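Structure record follows, encoded as structure tokens.
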Amino acid sequence: MPSTLPDGDPVPASGRLPGSALRGLGERPFGFYVHVPFCVTRCGYCDFNTYTASELGPGASHADYAATAVAEVRRARAVLGDADLPVETVFFGGGTPTLLPAADLVRILGAIDEEFGLAPGAEVTTEANPESVDPAYLAGLRDGGFTRVSFGMQSAREHVLRVLERRHTPGRAAHAVREAREAGFGHVNLDLIYGTPGESDDDWRDSLAAAIEAGPDHVSAYSLIVEDGTRLAARIRRGELPMPDDDVAADRYLIADAMLAEAGFGWYEVSNWATSEAARCRHNLLYWTGGDWWGVGPGAHSHVGGTRWWNVKHPAAYARRLAEGVSPAHAREVLSAEDRTVERLMLELRLAQGFPLAEIERPPVVARALADGLLEVEPFKAGRAVLTLRGRLLADALVRDLT
Amino acid sequence: MRIQPGQTDPAVIRNFCIIAHIDHGKSTLADRMLQITGVVDDRSMRAQYLDRMDIERERGITIKSQAVRLPWKAGETDYVLNMIDTPGHVDFTYEVSRSLQACEGAILLVDAAQGIEAQTLANLYLAMNADLTIIPVLNKIDLPAAQPEKYAAELAHLIGCEPEDVLKVSGKTGEGVRELLDHVVRQVPAPVGDADAAARALIFDSVYDTYRGVVTYVRVMDGHLGKRERIQMMSTGVSHETLEIGVISPEPKIAEKGLGVGEVGYLITGVKDVRQSRVGDTVTSAAQGATEPLGGYEHPKPMVFSGLYPIDGDDYPELREALDKLQLNDAALVYEPETSAALGFGFRCGFLGLLHMEIVRERLEREFNLSLISTAPNVVYRVIMEDGKEVDVTNPSEFPTGKVDKVFEPVTKATVLVPSEFIGAIMELCQNRRGALQGMDYLSEDRVEIRYTMPLGEIIFDFFDQLKSRTRGYASLDYEPHGEQEAELVKVDILLQGEAVDAFSAIVHKDKAYGYGVEMAKKLRELIPRQQFEVPIQAAIGARVIARENIRAIRKDVLAKCYGGDISRKRKLLEKQKEGKKRMKMVGRVEVPQEAFVAALSTESSSEKTKK
């Protein structure tokens, strides 16, 4: 989650949602995102809303963060009313959620369960840095109801990890996967980054092979994005590192898709592969298919029934608002019908299930995309726009043409 | 009363002009004359008093001439001096020649630190041909870098006088200006004409004024023009009522008694368009008019053409209106609507030359707040087809594709004045531009006049910039039309994905077609962003491809991450990108940004110019 917040409309102090958002509440899947804004160090490429100090003021330090987050969970219940809202998915992201004691994460999850109730078979994920967990910690999470762990592996090559300023050693991520499996986690994801300055095609193949070898059931692979204001951007600007090249990134993507497919991972979103339908990340699918979710934490984004809002960015400001009994929301936008159409296309076209052709208003552009080899032929015949491998790499361009 | 307009004895009139190069101080000298003769007091004086348009003042160019009536007492006699201002640039040779025709004498004004420049020399020759009395004057003698002896010798050599006959003045300090005016009285002949004959007056300038309509500047040759008289323009036969007649001194003064033989002044008839009152035409009275016009009238002939297109297609009506307005004051500007597949709706405009083109463009952008793309300038080609049909081509994309027998291009006589150390550089450049050496003369020990005949098409393609850069700015250039010649010219088309882009077509000599094609294809490869598919860029003569470049297809255009917190940001980015897409011009399926057209159509040197 990039730390720069979008512009939006003001939110009332009560955090009350417009009627349009509450209509149909409970008919759509519902989830929670919990942002934990702490890291031990900030990685050179990272522009997320995260802080390396452990003391950020009352309610915003490691020690009392759980209580603050729980306060927002309680507010969520008040704002959403009495509707029956079983929670299908919970996702702890950051930052580094695992910097907090496992008990703190379990406590926040407990509050969600208390207020809303977890649905049977709910997916509960936390992100983790490989170096920040051990078997005892993982066991604590598992016992507390967590079902899935997502490790930030990024690369198996030391020189690549150095450029990214990651602290773990190349072998640690694979080891962490085994520990998670041993702790009883059925679903484990590894995050990888490609296109880092200095990385070769072979380095990338090595990373993929190491990730596959570790035995996760899910892999996410992202091309490195140079965000403004990061140390990485500064080093590139000064000429110390080369700018990542899009053609190289395209090659790496093809390598990833081929090796993952070979190992039994099927793509289900542009940057996500899983060994089975059950292994797909249900929480992320909820984002992509217009589900409702409440984002807890500083800078966290929420979406309920066509209203998007986002919290104030700084943990101290966030905690103060909650202590004062005021909504921590910073701003929001109520999506127009047109916005919602654009978003649907933008998100669903990235999925392997594709987008219904009948809902696309520009048939000539679709026909041309098919002719250009950006859309699969068989699904097309069945009435769906599904990206080909080449189409996945040009998804944004196609969305621009289609909207 | 002897010197009131309409009653002045021609014997006390002196009509003269000042021939000078830009920056040689003509306007400053004119300012001093206004002060010394007392027509402008010190309090109302402002620099370059006579230059009306902002562009004139900023560029130091006098585009439109005016005539100022100055009283001057020499000895016991009161004289009337009419100072007629002349445009100083190569594009306006015809206008200069008409101004000269209104005079009996010319002050040849040369910067004592720089010596004569090519355009001044060309105008001097015009003045000598018109049989004017030449008064050589060195200006800026107050400058530390002045070399009055050296340049006096140069001027003496040119006009055939003694170096000591060359007057020396400083327009800045006023030194020598009184003596110069006395000299004008003594040396310049009084005008001669038949006061009893039918009226004949030469139009030497015509200016549109928002409040008054067209102001026509005339020199009465014979007879008398009165107030409230019906007059006739002899080239068209159209007659108008004179609403006002007067002199400029330096503000307009109504002449109750009209204007008599030898006098210079203005008239206003209420017409709204300078094309109804053309420079060089003869004005006579409608009742008992003259039968023979004064000689030398020519219809202005555009030599250089360029397409002008609004960057925002919605501005097309504004561009049309702006051109209509400019034409009220510019009889030489011609234009007609044109459609380009690449650039949309615009106008093909004809100009007297490059400076004229630049001035028009600048006025459109500045006074009418338009953003324009202009296509590379071209000349007019006369194409003879095998079946004998003849076509005038003013737009390269309309060059006939059928069986062409012969192509004729306009030729100029070009004169370059340059320090002798640059002779080699000039000859190399001119040879390269298909020039033929006609002769070379030393003006002084280290300054040379080099004469070439050269195709106009070569001169308008960044020749002047090349000339300046190869001579560290020392060379000066003048050129004038010199007929036409047959040449082996071909049309080079630029194709994007197999589709010709009309705005990039050019007519070039066959020996240069390859170079042009390679350069243009390379330039476009840099300027056009990668598309979702490969885009071949080809340069071709007819069906024959002479150069080829490839814009590789873009392979990745997708953001890796799109999670809950990214959605709003990404949707907004998408909206922004779509806005940017609207500014793209489509060539077939290829999206070409406006900036690419602008950059591809401007020569490197002209883009440097805008930077300054």
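Quick rundown of the values:
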read-out	value
For A:Phe48: the one exception among (1) within 14 Å of chain B (Cβ to nearest Cβ); (2) touching an Asp or Glu at 6+ places or on another chain (Cβ under 6 Å)	(2)
Candidates A:Gly373, A:Gly325, filtered to the one that is farther than 28 Å from A:Leu80 by Cβ and either more than 9 Å from chain B (Cβ to nearest Cβ) or not in a helix (DSSP H, G or I) (or both)	A:Gly373
Per-region count, segment A:255-280, residues in a strand (DSSP E or B), more than 14 Å from chain B (Cβ to nearest Cβ) and among the hydrophobic types (A, V, I, L, M, F, W, C)	1
Which numbered condition B:Lys561 misses (of (1) in a helix (DSSP H, G or I); (2) out of contact with any Leu (no Cβ under 9 Å at 6 or more places or on another chain))	(1)
Residue count, segment B:517-545 (criterion: touching a strand residue (DSSP E or B) at 6+ places or on another chain (Cβ under 7 Å), more than 14 Å from chain A (Cβ to nearest Cβ) and surrounded by fewer than 18 Cβ atoms within 10 Å (Cβ to Cβ))	6
Filter result for A:Ala358 (within 14 Å of another protein chain (Cβ to nearest Cβ), farther than 18 Å from B:Asp566 by Cα and without any contact (Cβ under 8 Å) to a residue 40 or more places away in the chain)	no
Residue in segment A:204-221 that is within 13 Å of A:Gly152 (Cα to Cα), aliphatic (A, V, I, L, M), within 20 Å of the chain's Cα centre (by Cα) and within 14 Å of chain B (Cβ to nearest Cβ) present	yes
Some residue of segment A:338-352 being free of Cβ contacts under 8 Å to residues at least 24 places away in the same chain, away from chain B (no Cβ under 14 Å) and in a helix (DSSP H, G or I)	no
Residues satisfying the stated conditions in segment B:7-36, i.e. over 30 Å from B:Tyr125 (Cβ atoms) and either crowded, with 22+ Cβ neighbours inside 10 Å or in contact with a Leu (Cβ under 6 Å, 6 or more places away or on another chain) (or both)	B:Thr8
Among the residues listed as A:Ser20, A:Ser54, A:Ser14, the single one being under 27 Å from A:Pro130 (Cα atoms) and more than 14 Å from chain B (Cβ to nearest Cβ)	A:Ser54
Scan of segment B:225-253 for residues that are modelled with pLDDT of 90 or more and part of a strand (DSSP E or B), ordered by number	B:Leu225, B:Arg230, B:Ile231, B:Gln232, B:Met233, B:Ser239, B:His240, B:Glu241, B:Glu244, B:Ile245, B:Gly246, B:Val247
Complete set of residues in segment B:569-582 that are out of contact with any helix residue (DSSP H, G or I) (no Cβ under 9 Å at 6 or more places or on another chain) and within 7 Å of chain A (Cβ to nearest Cβ)	B:Arg569, B:Lys572
Failed item, numbered, when B:Ser249 is tested on (1) more than 18 Å from B:Met83 (Cβ to Cβ); (2) surrounded by 20 or more Cβ atoms within 10 Å (Cβ to Cβ); (3) touching a residue at least 60 places away in the same chain (Cβ under 8 Å)	(1)
Selection from segment B:472-493 of residues that are more than 19 Å from B:Thr394 (Cβ to Cβ) and buried (at least 19 other Cβ atoms within 10 Å of the Cβ)	B:Ala475, B:Ser476, B:Leu477, B:Asp478, B:Tyr479
Residue in segment B:417-433 that is surrounded by the fewest Cβ atoms within 10 Å (Cβ to Cβ), counting only those that are touching a residue at least 40 places away in the same chain (Cβ under 8 Å) and not in a helix (DSSP H, G or I)	B:Pro419
Qualifying residue in segment A:292-308 (condition: more than 23 Å from A:Ile112 (Cα to Cα) and either assigned to a loop (DSSP other than H, G, I, E, B) or not charged (D, E, K, R) (or both))	no
Only listed residue being surrounded by fewer than 16 Cβ atoms within 10 Å (Cβ to Cβ) and outside any loop (DSSP other than H, G, I, E, B), chosen from B:Glu164, B:Glu154, B:Glu175	B:Glu164
Filter result for the condition that a residue is modelled with pLDDT under 90 and in contact with a strand residue (DSSP E or B) (Cβ under 8 Å, 6 or more places away or on another chain), over B:Asp78, B:Asp42, B:Asp91	B:Asp91
Filter result for A:Pro37 (within 14 Å of chain B (Cβ to nearest Cβ), under 30 Å from A:Met153 (Cβ atoms), modelled with pLDDT of 90 or more and in contact with a helix residue (DSSP H, G or I) (Cβ under 9 Å, 6 or more places away or on another chain))	yes
Near pairs, Cβ below 9 angstrom, 6+ apart or cross-chain, from segment B:448-476 (in contact (Cβ under 8 Å) with a residue 40 or more places away in the chain and assigned by TED's automatic domain parsing to the domain that holds B:Glu428) to any residue that is assigned to a helix (DSSP H, G or I) and hydroxyl-bearing (Ser, Thr, Tyr)	B:Asp462/B:Ser605; B:Asp462/B:Ser606; B:Phe464/B:Ser605; B:Asp465/B:Ser605; B:Asp465/B:Ser606; B:Gln466/B:Ser605; B:Ser469/B:Ser605; B:Ser476/B:Thr120
Helices (runs of 4 or more DSSP H) completely within segment A:94-183 that count 1 or more residues being among the hydroxyl-bearing types (Ser, Thr, Tyr)	A:135-143
Filtered residues of segment A:34-63 (kept if within 19 Å of A:Ala102 (Cβ to Cβ), touching a strand residue (DSSP E or B) at 6+ places or on another chain (Cβ under 8 Å) and in contact (Cβ under 8 Å) with a residue 60 or more places away in the chain)	A:Val34, A:His35, A:Val36, A:Pro37, A:Phe38, A:Cys39
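So that you can scan it fast, the table gives a plain yes or no per residue for (1) touching a residue at least 24 places away in the same chain (Cβ under 8 Å); (2) over 34 Å from the mean Cα position of the chain (by Cα):
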position: B:Ile507; (1), (2): yes, no
position: B:Asp511; (1), (2): no, no
position: B:Ala560; (1), (2): no, yes
position: B:Lys582; (1), (2): no, yes
position: B:Arg589; (1), (2): yes, yes
position: B:Val598; (1), (2): yes, no
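The values are calculated or read from the model by the stated rules, or taken from the named source; none is laboratory data. Here the structure is a predicted model, which means the values were calculated and not measured. Every residue, glycine among them, receives a Cβ derived from its backbone with ideal geometry; neighbour counts consider all protein chains shown.
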